[in-house]
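J.: First the structure, which I've put down as structure tokens, then a few questions once you've had a look.
The values are calculated or read from the model by the stated rules, or taken from the named source; none is laboratory data. Here the structure is a predicted model, which is why all the values come from computation and not from measurement. Every residue, glycine as well, gets a Cβ built from its backbone with ideal geometry; the counts of neighbours run over all protein chains shown.
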Amino acid sequence: MSWITVCKLDDIVPNTGVCALVGGRQVAVFRLDDDSVYAMSNHDPYSRANVLSRGIVGDLKGELVVASPVYKQHFSLVSGQCLEDPQVRVAVYPARVDGDVVMVEA
Amino acid sequence: MKTGKIVVIGNGMVGQRFLEQLVGRPDGAAGITVFCAEPRPAYDRVQLTSFFSGKSAADLNLVPEGFFERHGIALRLGDKALAIDRGRKAVRSARGHELPYDKLVLATGSYPFVPRVPGAEWPDCYVYRAIEDLEAIRKAARTARTGTVIGGGLLGLEAAKALHDLGLETHVVEFAPRLMAVQLDDSGGRLLRRKIEALGVGVHTSKETTKIVKGAERRHKLLFADGGSRETDLVVFSAGIRPRDQLARAAGLAIGERGGIVINDHCQTSDPDIYALGECALWGGRSYGLVAPGYQMAEVAARHLAGEHDARFADADMSTKLKLMGVDVASIGDAHGATPGALNCVFTDEATGLYKKLVVSNDRKRLLGAVLVGDAADYGSLLQMTLNVIPLPEHPEDLILPAREGGGKGMGVDLLPATALICSCNSVTKGGICGAIAAGATSLGALKKGTKASTTCGGCGPLVKQILDCELRKRGVDVKNHLCEHFPYSRQELFHLTRIGALKTFDEIMSKHGQGRGCDICKPAVASILAACWNEYILKPRHAPLQDTNDHFLANLQKDGTYSIIPRVPGGEIPPEKLIVLGEVAKKFGLYTKITGAQRIDLFGARVEQLPLIWKELVAAGFESGHAYGKALRTVKSCVGSTWCRYGVQDSVLMAINIENRYRGLRSPHKLKMAVSGCTRECAEAQGKDVGIIATEKGWNLYVCGNGGVKPRHADLLARDLDDQTLVQYIDRFLMFYIRTGDRLQRTATWLENLEGGIDYVRKVVCEDSLGLGHELEADMQKFVDSYECEWKKAINDPETLKRFRHFVNSDQPDRNVVFVAERGQIRPARPDERESALEAVEH
């Protein structure tokens, strides 16, 4: 496990996500409008497609979430927990902004 | 106690209501016989004119299936009662029956008054009372050009509308100096006159018809007391009604000086075993020409007969609200300000054709009456204020003035007492409605069925709905249609807030009207509202985060994370060169191709990073975005039309191309589909679309709110035989009205089903411009049309946007998880097991 630079902060439009290749893994990286960043697996367990980075981010009852663009389940940006099914959780990774770059530990 | 044999003479609206009231009581009669002179049982005379706009006699029928049989009532249709023998307590009929009665009920109604004008007995002089009269008028109208109604009262204007609808040049001749002299004052009458004249109906007031002679140009000539004359083919007399009291008169019952069978508070005549109800009766020196008091008498008589000796008729409210030739007219209480010391409060806007008058008590504390012309939306609340003596607000004028900042308009239904009469036609009180809601009638439909409220004239419909909403809210039922937890507004409300506040971004809207960060529900909804209001490029950085993935990548996401592309092919017309380009592009990028149901070509299996490359080639060949990814106008389908088809009557392809090019890219609450058929064979299936256009010999018929999908719905005809320009004007208005008022993800079909007033209301807004919004809606649409640009053309020329079209932000590799296998000569996404083995093969 080590911190890896994935892109510049400017590469991510605020309140959207991108997908980064980190050590062979597909990682969805989201930037919010306060320039905080979050990272989770890009794999959507419901559609089995690598698409979570393309979901709409927001909050539900205060919990930061991304909605899968395929079948619209919500996943916590912080814990990876699926809000619709307590049995389902996607992997999350530490992420931070360092100067003008975004780093993910994976 | 049983009441013995009951004979009822007359089966009109009131007679029928009496029967229903009677059989609903535990102490009903031992045997009931009904004489009915007309050839059919009770029908809705109030809606008689709708007979001319396509309703059949069966539609107007008021008698539930099997009613007479179920209750053992003997109905003698077409058998007129001829005489009452009070001594032997028996009724003799035209067919020679003689029937004994214990109690007799007269519900003989009224007959149209025909003034003693020489010539009134000529052929083609009619009255307007029964279905048979209307049938005769309709038949005569086929060979006539002009028609004249004598009498400018309520019924006279109804008759004029009927003649107008039959295509006749129509005139109304009135003895009084104004129309609807009983209900309206001079100013109201003048405004109504102007509105009716604007519809092309001639109005001639202060005219006394003295003679009808043979005409020179037309069949008849009316001569007036002032020396003038007017030629006409048809004459319809509608100069008021008179109680049909001959039977009672001959039987020696007490009759009023000017006609009418005298009754007491229990509706008994001078013979306590004989009752009289409705328009034939005279109570307190008054006879009533409205159905509501008749219904009240029916109830009183039924209760009294069943042994409720305290059942009493009290003076009935004569307030009326109706729509005359598309003009709303209402009169409440003391409309003429006859109460001593009464004050008038008048608002007139001749520009938009509004006249509103309040009659207020001398101390300005209570409302005595009102007159409304042009807009009667406030009828329900003003009537309630009058009837229930609700204290007037500090500024009574606010009740009729256009709403002003901070000024509360009208009053909440919550203020009404339980005894407030809401539906005067059917005597339903607020308490009755609340009781039905408590008993489980929680939809407007169930409420109407259960209480009969709003089922006769429908005027109280909005009020009933308000009470329902209010009661449900009190019971904690969620009647709100908030977008989501972030916005306490419906889509329609948010649309207005955005437009009126000139808000241009999600952040502005959120900070002013919402809370939190938003979600996948409100963000795309706001994106759609912003696009409809301002039509800014949807991939601008400030709008991009709001877009669903389809809009974000301007393509349709498929189950494996790839996208499909549908270039626009307006009207489904495509030259061979462009067809070849689609084939070449599909071949080059290895895409699966399929023809869609809407005459387009869909290219599947494109990865995000391929989308701009594919579109560069498509744009170069002259294609533009087809918006298949958006909640927007998708396609306009067409048949080949008159150019090639042997049966086509109009060029449906050209119309489809023009329509598609006009509305392309229009963002709306949900996707929009349209179609144009070149003749009534309807090969383009236009009646299954949100907007369907079908060619006629004279132009185009416009259908709206059709749908295929889960719940198919045939579209409703909005307007007939339109020319090209009017067609586009109506579609502009219709679409913008839907976009403004639709809920999130609400197709036009569901929108219409939830719209109070349904297709008639849409027709008024779109074709008659009843809200005065027509120009604004057209201007909004024109602004949209003028600002259209192809989203893909813009995307491929903008490096910032293009940067987003890659799978990895830090690598040019494609997504290895996207795997295709071959099937029937094309690709398809691998199934999970196929994908596993394919991925393993690559890794080894």
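J.: Give me the pairs, please: first residue somewhere in region B:186-209 and within 15 Å of B:V329 (Cβ to Cβ), second residue anywhere and buried (at least 19 other Cβ atoms within 10 Å of the Cβ) and of a type in the set (F, W, Y), beta-carbon distance under 7 Å, and either six or more positions apart or on two chains.
T.: Taking only residues 6 or more apart or on different chains, the pairs are B:S187/B:Y355; B:G188/B:Y355; B:L191/B:Y355.
J.: Something else about it: May I ask you to list the residues in region B:147-161 that are in contact with a helix residue (DSSP H, G or I) (Cβ under 9 Å, 6 or more places away or on another chain) and either surrounded by fewer than 22 Cβ atoms within 10 Å (Cβ to Cβ) or not hydrophobic (A, V, I, L, M, F, W, C) (or both)?
T.: B:G147, B:T148, B:G151, B:G152, B:E158, B:K161
A quick yes/no check of all residues on (1) among the hydroxyl-bearing types (S, T, Y); (2) surrounded by fewer than 21 Cβ atoms within 10 Å (Cβ to Cβ); (3) at pLDDT below 95:
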{"site": "B:M655", "(1), (2), (3)": "no, no, no"}
{"site": "B:N658", "(1), (2), (3)": "no, yes, no"}
{"site": "B:N661", "(1), (2), (3)": "no, yes, no"}
{"site": "B:A675", "(1), (2), (3)": "no, no, no"}
{"site": "B:R681", "(1), (2), (3)": "no, yes, yes"}
{"site": "B:A684", "(1), (2), (3)": "no, no, no"}
{"site": "B:D690", "(1), (2), (3)": "no, no, no"}
{"site": "B:I694", "(1), (2), (3)": "no, no, no"}
{"site": "B:Y703", "(1), (2), (3)": "yes, no, no"}
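J.: Now for a different question. Tell me yes or no: at least one residue of region B:787-805 is surrounded by 15 or more Cβ atoms within 10 Å (Cβ to Cβ) and farther than 22 Å from B:G622 by Cβ.
T.: yes
J.: Looking at region B:509-522, which of its residues are of a type in the set (D, E, K, R) and either within 14 Å of A:D33 (Cα to Cα) or buried (at least 20 other Cβ atoms within 10 Å of the Cβ) (or both)?
T.: B:R517, B:D520
J.: Moving on. Of the numbered conditions (1) farther than 20 Å from B:L290 by Cβ; (2) outside any helix (DSSP H, G or I); (3) of a type in the set (G, A, S), B:A176 fails exactly one; give the number of that condition.
T.: Going through the list (1) farther than 20 Å from B:L290 by Cβ; (2) outside any helix (DSSP H, G or I); (3) of a type in the set (G, A, S), B:A176 breaks only (1).
J.: Please enumerate the residues belonging to region A:1-21 that are more than 8 Å from chain B (Cβ to nearest Cβ) and part of a strand (DSSP E or B).
T.: If the condition is that a residue be more than 8 Å from chain B (Cβ to nearest Cβ) and part of a strand (DSSP E or B), then A:W3, A:I4, A:T5, A:K8, A:G17 are the ones that fit.
J.: Say whether the condition of being facing another protein chain (nearest Cβ under 8 Å), assigned to a loop (DSSP other than H, G, I, E, B), of a type in the set (D, E, K, R) and out of contact with any Phe, Trp or Tyr (no Cβ under 6 Å at 6 or more places or on another chain) is met by at least one residue in region A:85-93.
T.: The answer is no; no qualifying residue exists.
J.: Okay, next question. With B:A441, B:A446, B:A418 as the choices, which residue is more than 14 Å from chain A (Cβ to nearest Cβ), farther than 27 Å from B:L62 by Cβ, surrounded by fewer than 21 Cβ atoms within 10 Å (Cβ to Cβ) and without any contact (Cβ under 8 Å) to a residue 40 or more places away in the chain?
T.: Result: B:A418 is the single residue among B:A441, B:A446, B:A418 that is more than 14 Å from chain A (Cβ to nearest Cβ), farther than 27 Å from B:L62 by Cβ, surrounded by fewer than 21 Cβ atoms within 10 Å (Cβ to Cβ) and without any contact (Cβ under 8 Å) to a residue 40 or more places away in the chain.
J.: Something else about it: Go through region B:231-259 and give me each residue that's touching a Ser or Thr at 6+ places or on another chain (Cβ under 8 Å), over 25 Å from B:A144 (Cα atoms) and charged (D, E, K, R).
T.: B:R242, B:R244, B:D245
J.: Among what's in region B:346-380 and is over 31 Å from the mean Cα position of the chain (by Cα) and surrounded by fewer than 19 Cβ atoms within 10 Å (Cβ to Cβ), pick the residue that is nearest to B:L184 (Cα to Cα).
T.: Applying the filter and picking the extreme gives B:S361.
J.: Anything in region B:162-175 that is over 20 Å from B:S229 (Cβ atoms) and surrounded by fewer than 23 Cβ atoms within 10 Å (Cβ to Cβ)? List them, or say none.
T.: Residues satisfying the conditions are B:H164, B:D165, B:L166, B:G167.
J.: Could you tell me how many of the residues in region B:110-146 are surrounded by fewer than 17 Cβ atoms within 10 Å (Cβ to Cβ), out of contact with any His (no Cβ under 9 Å at 6 or more places or on another chain) and part of a loop (DSSP other than H, G, I, E, B)?
T.: Total satisfying the criteria: 10.
J.: Out of A:D33, A:D59, report the one residue that is in a strand (DSSP E or B), at the interface with chain B (Cβ under 9 Å from one of its Cβ atoms) and acidic (D, E).
T.: Just a single option satisfies the conditions, and that option is A:D59.
J.: Out of all the residues in region B:469-509, which are in contact with a strand residue (DSSP E or B) (Cβ under 9 Å, 6 or more places away or on another chain) and either more than 12 Å from chain A (Cβ to nearest Cβ) or among the basic types (K, R) (or both)?
T.: Those that are in contact with a strand residue (DSSP E or B) (Cβ under 9 Å, 6 or more places away or on another chain) and either more than 12 Å from chain A (Cβ to nearest Cβ) or among the basic types (K, R) (or both): B:E493, B:L494, B:I509.
J.: Scanning for something without any contact (Cβ under 8 Å) to a residue 60 or more places away in the chain, part of a loop (DSSP other than H, G, I, E, B) and surrounded by fewer than 24 Cβ atoms within 10 Å (Cβ to Cβ), does region B:237-251 turn up at least one residue?
T.: No, because not a single residue in region B:237-251 is without any contact (Cβ under 8 Å) to a residue 60 or more places away in the chain, part of a loop (DSSP other than H, G, I, E, B) and surrounded by fewer than 24 Cβ atoms within 10 Å (Cβ to Cβ).
J.: Can you confirm whether A:S47 is among the polar types (S, T, N, Q), touching a residue at least 24 places away in the same chain (Cβ under 8 Å) and within 10 Å of chain B (Cβ to nearest Cβ)?
T.: Values: among the polar types (S, T, N, Q): yes; touching a residue at least 24 places away in the same chain (Cβ under 8 Å): yes; within 10 Å of chain B (Cβ to nearest Cβ): yes.
Against the criterion (among the polar types (S, T, N, Q), touching a residue at least 24 places away in the same chain (Cβ under 8 Å) and within 10 Å of chain B (Cβ to nearest Cβ)), A:S47 qualifies.
J.: So, one more: Within region A:62-84, restricting attention to residues that are more than 9 Å from chain B (Cβ to nearest Cβ) and touching a residue at least 40 places away in the same chain (Cβ under 8 Å), which residue is farthest from A:P45 (Cα to Cα)?
T.: Only one residue tops the list, namely A:V78.
J.: Oh, and also: Assuming B:C267 fulfils every condition listed in (1) touching a residue at least 60 places away in the same chain (Cβ under 8 Å); (2) closer than 20 Å to B:S424 by Cα; (3) surrounded by 24 or more Cβ atoms within 10 Å (Cβ to Cβ); (4) not small (G, A, S) apart from one, which condition is it?
T.: Only one criterion in (1) touching a residue at least 60 places away in the same chain (Cβ under 8 Å); (2) closer than 20 Å to B:S424 by Cα; (3) surrounded by 24 or more Cβ atoms within 10 Å (Cβ to Cβ); (4) not small (G, A, S) is unmet by B:C267, namely (1).
J.: Which of the residues belonging to region B:789-834 are at the interface with chain A (Cβ under 10 Å from one of its Cβ atoms), more than 30 Å from B:G665 (Cβ to Cβ) and within 55 Å of the chain's Cα centre (by Cα)?
T.: B:F808, B:N817, B:P832
J.: For region B:510-611, please list each of the strands (runs of 3 or more DSSP E) lying entirely inside it that holds at least 3 residues being at pLDDT 95 or above, closer than 30 Å to B:S652 by Cβ and more than 10 Å from every other protein chain (Cβ to nearest Cβ).
T.: B:592-595, B:601-606
J.: Looking only at residues that are among the polar types (S, T, N, Q) and at pLDDT 95 or above in region A:37-63, which one is nearest to A:V101 (Cα to Cα)?
T.: So the first thing to find is which residues in region A:37-63 are among the polar types (S, T, N, Q), and the list is A:41-42, A:47, A:50, A:53.
Right, trim to at pLDDT 95 or above and you get A:41-42, A:50, A:53.
Working: A:S41: 20, A:N42: 20, A:N50: 23, A:S53: 18 Å.
The qualifying residue nearest to A:V101 (Cα to Cα) is A:S53.
J.: Inspect all residues belonging to region B:645-667 and state whether any of them is closer than 17 Å to B:Q599 by Cα, assigned to a strand (DSSP E or B) and not β-branched (V, I, T).
T.: For region B:645-667, residues closer than 17 Å to B:Q599 by Cα, assigned to a strand (DSSP E or B) and not β-branched (V, I, T): absent.
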